Amino acid sequence: MGFQPMDMARMAMPRSARGATIKRKVDGMMGGQIDRNRCRRFCLIGTLALLAAVSVLGDDSPGKLQLMTTAFGAGGRIPSKFTCSGENISPALSWSQPPPRTRSFALIMDDPDAPAGTWVHWVVYDLPVSARDLPEHVPPGEAVSGGGAQGINDFSDSDYGGPCPPPGKPHRYFFRLYALDTTLNLRGPVRRRDVDSAMKGHVIAQAELMGTFRR
């Protein structure tokens, strides 16, 4: 193959100069390796910090709150018992442990498929932080046994108004539970818009349950 001009130049260099050149190259390689190691460490620290932040935020995320009922399956048909075709009483509801900063709960039930626009069937607010359920057939009236209050629905009543759609296609009925970092302390008459306005900036978790009904 023969020597290349660069090889000849290197051989012509004094041994001390060649050693210094090799040392500079080794130092440069080691410096690059150190920089890469530092980058890896900083990236790892940043990733761990991000995961920790996500974990903390997750404590107050909506996914941490679940709303349940034994009356019907999620997305399933609401039995006539809980509608205007039957006894027209509220179904039993229960929910999971809320985030630590919760101070009260609010519950709204509505029908977005109503012919005149979203129809409000139930408004409940200031349920105590210790509450984990609402029994079947919450009685009419502003006060809720055990704490809390009922607002006025679109039937102009302070109670639960069951599904009562016009004959035709099924309507969807949404029960939404809100965990709040405050109590609303509203004075009657209280409607859904009043609760929505008072809740702004105070919702730390939310759960939803939907059922359908047709006549």
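Taken together, the values in this text are just the output of simple stated rules run on the coordinates, not laboratory data. Predicted model only: the values in this text are computed from it and were never measured. Glycine gets a Cβ as well: all are built from the backbone with ideal geometry, and neighbour counts include every protein chain shown.
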Original post:
Where does the range 62-213 land on Rg/Rh, using Cα atoms and the Kirkwood Rh?
Top reply: 0.94
Subject >> Backbone HN-Hα couplings from phi across the range 160-172 [Karplus 6.51/-1.76/1.60, Hz, Gly and Pro as x] >> reply: 7, x, x, x, 8, x, x, x, x, 6, x, 9, 9
Subject >> Kirkwood estimate for the range 106-157, i.e. one over the average of 1/r between Cα atoms, Å >> reply: 11.9 Å
Subject >> Dipole magnitude of the range 62-213 about its Cα centre (Cβ charges: Lys, Arg +1; Asp, Glu -1), debye to nearest 20 >> reply: 380 debye
Original post:
Could you give the distance between the Cα centres of the range 146-215 and the range 72-133, to the whole Å?
Top reply: 7 Å
